[in-house]
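Student: So that we are looking at the same thing, I have put the structure below in structure tokens.
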Amino acid sequence: MAEQKNKSEEQLHKKIDSYLFKRLIAYFKPYSKYIALAVLLTITVSALAAVRPRLTPIAIDEKIANKDVPGLQTIMLILFATLILQGIIQYAMTYLTSWIGQNIIMDLRMKIFEHLQNLHLKFYDNNPAGRLITRVTSDVEVLFDVFSSGLVTAFGDIFTLLWILYFMFTLDWHLALVTLSILPLLIYATIIFRKKIRVSYSRIRLLISRINSYIQEHITGVSIVHLFAKEKRTINEFEEINSEHTKENKRSVFYYAIFFPIVELFLAVSSGLILWYGGGEVIQGAVSLGVLITFIQYSEMFFRPIRDLSEKYNVLQTAMASSERIFSLLDEKPAITDKPDAVRIDKIKGSIEFKNVWFAYNNDDYVLKDISFKINEGEKIAFVGATGSGKTTIINLISKFYQINKGKITVDGIDINDIRQKDLRKNISVVLQDVFLFSGNIEKNITLDNPKITLEDVNNAIDKTGLRPFINSLPDGIHHKVNERGTTFSTGQRQLISFARALAYNPKILILDEATSNIDTATEILIQEAIKKLIEGRTSIVIAHRLSTIQNCDKIIVMRKGEIKEMGSHQELLDKKGLYYKLYELQYKEDIIV
Amino acid sequence: MKSLLNLLPYVKKYRKKLLLGFIFIILSISFSSMFPLIVGNGIDALRTGVTYSKIIFYSLTAIASTLTGGFFLFLVRQNIIVVSREIENDLRHDFFSHIVNMPKDFFNKNSTGSIMALATNDINAIREFVGPGIMYTIQTFYRTLLTVSIMFYINPFLALVALSPLPFISFIVYKVGRMTHSRSLKVKESFSDLTSKAQENISGIRVVKSYAREAGEIAEFQNISRDYFRKNLSLAKVQSFSFPMMYLLTGVSLVLVIYFGGIEIINNRLTLGNMSTFLIYLGLLTWPMIAFGWIINLTQRAAPSMERLMNIMKLKPEISDNKQTDFNIAAENIEGEVEFKNVSFKYPAGHASVLKNINLKISKGTTLGIIGHTGSGKTTLINLLSRIYDISEGEILIDGIPIKKIPLNTLRESIGVVPQESFLFSTTIEKNISYSKDYLDYDKVIESAKSSSLYKDVCSFPEKFQTVVGERGITLSGGQKQRTSIARAIYKNPKILILDDSLSAVDTHTEEEILNELKQVMRNRTSIIISHRISSIKNANNIIVLSGSVIKEQGTHNELISLGGIYYDIYQKQLLEEEIQES
């Protein structure tokens, strides 16, 4: 039963492996010429390696036996020449394969990275960043190891074997057959070993992942372990998996411990056979001593690569696991793509309309229900409502980060599904609550390396947002270093930098998610001033957490549980004495408490 | 390198097995090294004319010596490599036991990823050093020693000739090793640039997409990728050198042996058999040369791994039982009266006090409600009681005994905490609920589930209490998780029950139900309820309002309302919010 399961699993593995392998090969194609060259060099190197022992009988039987010292010198020179040639070619080949391998890896890495750039935000919501980083970095790296140390040397080994076979048979085919008579046994032993070790390895891999997930789970829940004083039990449970892992490893050690001496033994048996059979031939004068010695040398060269090949196989296994992960990422289809006939727009005017929009992040769990509103060019709109009422979702939809389920969103009267994402987003600047700064310097964080944004634009943006005094206080000005995520700056400073970024891009539509975090009053005033300048002359949408900042808006939209409850100007809504009025009152209370 | 000395205690444990392994190495190499000698003798015998039976004798002895050598090689691996697996097991066990006992603060400083890398990759690197590393070192040294001695014994002149490239090999190994080292450091640096860029891009993907900067990001990543490519090739330039060079130099040895050996034979100072022996020995020496570089590599990888591991292992768990601990205090005897006396607390890394001068007494069997804004120190207060953190100043007493005197296990066994984040293990619901005990009392599981209003939910699952939760099972809703977490605390049957904002994900109706049930369960016991909602705590015997690290207000619900302070404001605000929700 279990045996059968193993078998079908193995078959499945084989199928997947060959499928993955085919896909991997596609990345080799651009370098096929270089690969051909590398293969050619490999063949030459292995030929040179095999030709040297071939010269031994000449040296022994013809030169040494005849006391021909000058002849021996010639042989020696030839041997030297082949050695040096072999060294040079081998160097070239090794370097070339590295070059090919690195190129393929770079291509694959770029492909994964580019693919990631095109994936929709929902994908990022569902996949932890750490996992994605691993795909771009170490998973790709594993493939290189396989290519350079696995595949290429395996090729070399196979060619060496072929050359040795050729020389052995041309030298003395009787003796060649005797030498190789042990080969079927060796192959049989290798196959058995491979089977055993494969089962063992897949169990080990499973146990390692169990160790990992156990550690991960119990680190995440370490407080529970502590609070319930269950350290001992946790350690015991872990030890169970740990010792099972050790047990399985010992099993594989046992297989290796058997297999290695067996290969050595076969080698010895083969030499013994050469000595026995060849010795008889020598006595009868059918074989020379030199040939006998050459055969002993060849048998040594012959059996080691076969042993090594079985190890290469395991390296290949780990590579398959990595490439499986990589390809499953590459198979992830971007959920939001541009239509082939999408309109190209350079500058949009800036009117936005939602027509009966329904949206759910998951299945039927609607976070927006039948939302309709219109924002005219240059208008200022504010969204208010409790957390979870759907405000942030609306701004995500305008930038087309998610695909709506029902209804229509238009910009300048054009359905956003018909506009290229790039053109759409180019015209919209979003300032999020949680400001993300890149490592580099301040200038880079404002331009985001967009060559179209000039130094003048940057300075302009800095002046307008009131960032100037802060920049001047820094020794390097706009070239001041920003570390990862800008942690050396205060929240307010980061906020201002992100304002400058938005302004430098001079968008037609500005979306501002007001920060809720506590900022000191002085910076708060700066920020309020900056916001005023920011929204000047463009369509702007503000998600307000402080009602005091939005009283001058053209329109205020009050949301609750994914629906629009009220819409109108500040005064209109106050007069209505509805939800907005209550929120306003609540805000007033909150201000007292804080 | 020094860090590897820390392995000594682990190695000592298996010294007998290791010693045996070393002896087997000597035996296995001694036997297998006889093989070239026998072959050489056989060849010489052929020249001088022999019988078939002698040839068969030589063949059989050659095979027999390898067979014996191989048998010992099997024993070598079964001892040394197996021991390395045992040591790996011990290391991982000790490491895990160590981190499980580390305080919360440790996990704030060390990421889960880095801990997992230590437990698997680093320990594996150390294992490779202990096992294959040590085995090949001894094998290499002994084999080299033996082979060289035999070669000198047969013909000192030819031995010198054969070994003449050795100084060059050593020199080149050294040179190439150094260049490889410095260049691979650069590759590593470049790789970390690559990783940081990928990380930054992925964490900042929202900004990238908002500003349509995908192309720019790709270009930048391409640049870093290229740099990494160049650094790798510069490394390859040196690395590609090492193998051909090695083969070249060993090849030179062979050629020299054939030439000078040939001349010696011509001058009758050497037999052809001797030369064959030399040739085979030289072939055997190639492997140790390669192994040598490999051993260095293994050691270089293991040393920093061991250092990283030791950096963690040498940390002492700050919170543990010590001399002050009175082990006579048992969980059964704890009544549950809690007192905070002038308690202040700062986080180890922080400068600001999180709690200042807290004075508080909770009598046995009463309920304390705690309310306050995020960051006011509510959770910290209860973390101090369970000694997740130790107080900086003052004293916390249970039944009049300072908690530092109570054995840590006893203390934590008498307190049932339902934390803010309801973490459940990915196992069945019943195992989660009965987590506190080592046995599973099904009736008690049901009882606990009923008390936390979870029973009906669980009964709606096809597998009832055997339902597995988490990634491999079903995903519970936030409210279900919270209620499971409450059931888990009830099952523990603690003297002190703490709910840390544990009703936030259930509706007001269920909240009331649970609170009523808890009243029954917690009769004669102490409860502490932290909440944002007035409704959860309004029936508590005593309520404290935390604000700005201190207790601002204290009293019953009615007292606090008539006080007209913060509590009153929160109350008013929540009434209004309720109204907004219902409008």
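Student: How large is Rg/Rh for the protein assembly as shown, to two decimals, with Cα atoms and a Kirkwood Rh?
Tutor: On the way: Rg = 38.0 Å, Rh = 35.9 Å.
Over the Cα atoms of the protein assembly as shown, Rg/Rh equals 1.06.
Student: Given a cut-off of under 8 Å on Cα pairs at least six residues apart, what relative contact order in percent is computed for chain A?
Tutor: Relative contact order comes out at 14 percent.
Student: Just the Kirkwood number for the stretch A:19-171, please: inverse of mean 1/r across all distinct Cα pairs, in Å, one decimal.
Tutor: Roughly 18.9 Å, rounded to one decimal.
Student: Using a cut-off of 12 Å between alpha-carbon atoms, which aspartates and glutamates can reach A:Lys355, once sequence neighbours fewer than 8 places away in the same chain are excluded?
Tutor: Result set, ordered by chain and number: A:Asp370, A:Asp415.
Student: Just add up the charged neighbours of B:Lys209: K/R +1, D/E -1, any other residue whose Cβ is under 11 Å from the Cβ of B:Lys209.
Tutor: Net of charged neighbours comes to +3.
Student: Just tell me how shielded A:289-302 is by partners: mean number of partner chain Cβ atoms within 10 Å of each residue's Cβ, no decimals.
Tutor: Across A:289-302, the average partner-chain Cβ count within 10 Å equals 3.
Student: I'd like to know how the stretch A:183-325 sits against the 2.2 N^0.38 Å rule of thumb: what's its Cα Rg over that expected value?
Tutor: The reported ratio for this selection is 1.68.
Student: Looking at the stretch B:404-485, which GluC sites (Glu not before Pro) are DSSP coil and have at most 13 other C-beta atoms within 10 Å of their C-beta?
Tutor: Details: sites: B:Glu413, B:Glu421, B:Glu430, B:Glu447, B:Glu463, B:Glu471; in loops: B:Glu421, B:Glu463, B:Glu471.
Taking the stretch B:404-485 and a limit of 13 other Cβ atoms within 10 Å, the loop GluC sites (Glu not before Pro) found are B:Glu463, B:Glu471.
Student: For the stretch A:265-307, just the Cα atoms, rotate onto the principal axes and tell me the three extents in Å, largest first.
Tutor: Principal extents (largest minus smallest coordinate, Cα): 35, 16, 9 Å.
Student: In terms of the Cα gyration tensor, with a ≥ b ≥ c the square roots of its eigenvalues, is chain A rounded because a/c is under 1.5, prolate because a/b exceeds b/c, or oblate?
Tutor: Working: a/c = 3.26, a/b = 2.48, b/c = 1.31.
Here chain A falls in the prolate category.
Student: How much length, in nm to one decimal, is gained on full extension between A:Leu37 and A:Asn376, taken as 0.36 nm per residue of separation minus their Cα-Cα distance? Intermediate results must be reported in sequence, preceding the final value.
Tutor: Values: separation 339, 0.36 × 339 = 122.04 nm, distance 6.48 nm.
Extra length available between A:Leu37 and A:Asn376 comes to 115.6 nm.
Student: Excluding B:Ile81 itself, what net charge comes from residues whose Cβ is under 13 Å from its Cβ, given Lys and Arg +1 and Asp and Glu -1?
Tutor: In short, +3.
Student: Do the alpha carbons of any pairs in B:Lys481/B:Lys573; B:Lys364/B:Lys519; A:Lys349/B:Lys209; A:Lys565/B:Lys481 sit beyond 24 Å of each other, and which pairs?
Tutor: Details: B:Lys481/B:Lys573 28 Å; B:Lys364/B:Lys519 14 Å; A:Lys349/B:Lys209 21 Å; A:Lys565/B:Lys481 32 Å.
In this structure, B:Lys481/B:Lys573; A:Lys565/B:Lys481 lie more than 24 Å apart at Cα.
Student: Can you give me the relative contact order of the stretch A:19-171 as a percent, contacts being Cα pairs under 8 Å and 6 or more apart? Could the numbers behind the result be given before it?
Tutor: On the way: 77 pairs, mean separation 61.8, N = 153.
Once divided by the residue count of the stretch A:19-171, the mean separation gives 40 percent.
Student: Considering every Cα-Cα pair within the stretch B:1-88, what fraction, in whole percent, is farther apart than 21 Å?
Tutor: The proportion of pairs with Cα distances above 21 Å equals 50 percent.
Student: Relative contact order of the stretch A:352-593: what whole-number percent is it, with Cα pairs under 8 angstrom and at least 6 residues apart? Before the final figure, lay out the partial values.
Tutor: On the way: 407 pairs, mean separation 65.1, N = 242.
Dividing the mean separation by the residue count of the stretch A:352-593 yields 27 percent.
Student: Between A:Asn552 and B:Ser30, what is the label-to-label distance in nm when each label sits 7 Å out along the Cα-to-Cβ direction?
Tutor: A separation of 9.8 nm, rounded to one decimal place.
Student: Further question: Could you run the Debye sum over the Cα atoms of chain B, one equal point scatterer each and no solvent, and tell me log10 of I(q)/I(0) at q = 0.10 Å⁻¹, two decimals?
Tutor: -1.01
Student: Distance check, please: which entries in B:Lys378/B:Lys538; A:Lys422/B:Lys197; A:Lys561/A:Lys582; A:Lys230/B:Lys323 exceed 20 angstrom between their Cα atoms?
Tutor: Those over the limit are A:Lys422/B:Lys197; A:Lys230/B:Lys323.
Student: Can you pull out the trypsin sites (Lys or Arg not before Pro) in the stretch B:408-473 whose DSSP state is coil and whose Cβ has at most 11 other Cβ atoms within 10 Å?
Tutor: Those that pass, being in a loop and sparsely packed, are B:Arg472.
Student: Next question. Based on DSSP H runs of at least 4 residues, each adding -39500 (n - 2.57), what is the mean residue ellipticity at 222 nm of chain A after dividing by all its residues, to the nearest 500 deg cm²/dmol?
Tutor: After summing the helix terms and dividing by residue count, I get -21000 deg cm²/dmol.
Student: Next up: Helix-only estimate, please: 222 nm mean residue ellipticity of chain B, summing -39500 (n - 2.57) across DSSP H runs of length 4 or more and dividing by its residues, to the nearest 500.
Tutor: Numbers: 24 runs with 359 residues, N = 583.
That calculation yields -20000 deg cm²/dmol at 222 nm.
Student: Using r as the Cβ-Cβ distance of B:Gln324 and B:Asp227, and R0 as 56 Å, what FRET efficiency do you calculate, to the nearest 0.05?
Tutor: Values: r = 57 Å, r/R0 = 1.02.
Efficiency for this residue pair is about 0.45.
Student: Quick check: net charge around B:Val238, other residues with Cβ under 10 Å of its Cβ, Lys/Arg +1 and Asp/Glu -1?
Tutor: Details: positive: B:Lys175, B:Arg178, B:Arg183, B:Lys237; negative: none.
Once all neighbours under 10 Å are counted, the net charge is +4.
Student: Starting from the Cα of A:Asn405, step 7 Å along the direction of its Cβ; do the same at B:Thr556; then give the gap between the two resulting points in nm.
Tutor: Here the answer is 4.9 nm between the modelled labels.
Student: Classify the stretch B:233-375 as rounded, prolate or oblate from the Cα gyration tensor: take a ≥ b ≥ c as the square roots of its eigenvalues, call it rounded if a/c is under 1.5, otherwise prolate when a/b beats b/c and oblate if not.
Tutor: prolate
Student: Rounded, prolate or oblate, given the Cα gyration tensor of the stretch B:331-582, with a/c below 1.5 counting as rounded?
Tutor: oblate
Student: Next up: Can you list the chymotrypsin sites (Phe, Trp or Tyr not before Pro) in the stretch B:423-476 that are in a DSSP coil and have 10 or fewer other beta carbons within 10 angstrom?
Tutor: B:Tyr439
Student: Just grab the label-to-label distance for A:Lys195 and B:Asp94, each label 7 Å out from Cα along the Cβ direction, in nm (one decimal).
Tutor: 4.1
Student: Out of all DSSP beta bridges in chain A, what portion is antiparallel? Express it as a percent rounded to 5.
Tutor: 55
Student: Could you rank the peptides A:186-192, A:260-266 by their average count of other C-beta atoms within 10 Å per residue, with the highest value first?
Tutor: For the peptides A:186-192, A:260-266, the packing ranking is A:260-266, A:186-192.
Student: OK, next. What does the structure give for B:251-263 when I average, per residue, the other chain Cβ atoms found within 10 Å of the residue Cβ?
Tutor: Partner Cβ neighbours, averaged per residue: 6.
Student: Can you tell me how much longer the chain between B:Ala64 and B:Trp287 gets when fully stretched, taken as 0.36 nm per residue apart minus their C-alpha distance, in nm with one decimal? Walk me through the numbers on the way to the answer.
Tutor: Working: separation 223, 0.36 × 223 = 80.28 nm, distance 2.24 nm.
Extra length from B:Ala64 to B:Trp287 when fully extended: 78.0 nm.
Student: Which order results if B:Met275, A:Met106, B:Met151 are arranged by neighbouring Cβ count within 10 Å, fewest first? Present the calculation step by step, with values, prior to reporting the outcome.
Tutor: Details: B:Met275 28, A:Met106 18, B:Met151 24.
Least crowded to most crowded, the residues run A:Met106, B:Met151, B:Met275.
Student: Further question: Multiplying the sequence separation of A:Glu239 and A:Glu524 by 0.36 nm and subtracting their Cα-Cα distance, what value in nm do you get?
Tutor: That works out to 97.1 nm of additional length.
Student: On average, how many beta carbons from a partner chain sit within 10 Å of the beta carbon of a residue in A:130-139? Mind dumping the intermediate values first?
Tutor: On the way: counts 5, 1, 6, 10, 3, 2, 9, 8, 2, 0.
Partner-chain Cβ atoms within 10 Å, mean over residues of A:130-139: 5.
Student: With a Förster radius of 56 Å, plug the Cβ-Cβ distance of B:Ser426 and B:Tyr52 into 1/(1 + (r/R0)^6) and report the FRET value to the nearest 0.05.
Tutor: 0.20
Readers should treat all values here as calculations from the given coordinates under stated rules, not as data from a laboratory. Please read these numbers as outputs of a predicted model, since none were measured by experiment. All Cβ positions, glycine included, derive from the backbone under ideal geometry; neighbour counts span all protein chains shown.
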